[in-house]
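Quick notes on the structure that follows.
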């Protein structure tokens, strides 16, 4: 727990809400809208489509968390705590290996979760699978950002300050999920195979 206390005592982390720009607020609004659309899709699924209802509920929760994270920058807290812990434990010099292993574990976990979700959504309405594609798209973006390779960060930061390439990619993933939820809600209420 010393690493956590030291990280916050060092004042390295400040909630991004204080420094939020137009792109941040646009992204938060997009996450919020897509989460609402996912909740509405959940409500429209009816009792006969319990798996789809749960999918949309989980999707709404994920989108809500990502929207909150956009403002509070939780991944920076993890980085600060990890750095403090590495310094405290004496393996900071070997951090690149641990970073690589952490990102690799995240990627393997994401692939496994994606494969499980693909299997669980087999036979679901096509909008569910499209939304899953959008979530994977957002997940890849988050993993790339988490890896924080400098040349990748530079590429994602290109473009106008208000709407960088990274922001556009994230918004595209959110739009895919939101539109799929909207499409699902508008679909006829027939029993789906």
Somewhere in the range 13-32, is a residue modelled with pLDDT of 95 or more, within 29 Å of residue 119 (Cβ to Cβ) and either over 18 Å from the mean Cα position of the chain (by Cα) or in a loop (DSSP other than H, G, I, E, B) (or both)?
no
Selection from the range 119-141 of residues more than 19 Å from residue 35 (Cα to Cα), at pLDDT 85 or above and in a helix (DSSP H, G or I) yields 119
Counting just the residues of the range 100-133 that are over 19 Å from the mean Cα position of the chain (by Cα) and more than 18 Å from residue 181 (Cα to Cα), which one comes out surrounded by the fewest Cβ atoms within 10 Å (Cβ to Cβ)?
119
Going by the structure shown, is residue 90 loosely packed, with under 12 Cβ neighbours inside 10 Å, out of contact with any strand residue (DSSP E or B) (no Cβ under 6 Å at 6 or more places or on another chain) and either modelled with pLDDT of 75 or more or within 24 Å of residue 30 (Cα to Cα) (or both)?
yes
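The values are calculated or read from the model by the stated rules, or taken from the named source; none is laboratory data. Just so it is clear, the structure is predicted and the values come from calculations on it, not from any experiment. Positions of Cβ are backbone-derived with ideal geometry, glycine not excepted, and every protein chain shown enters the neighbour counts.
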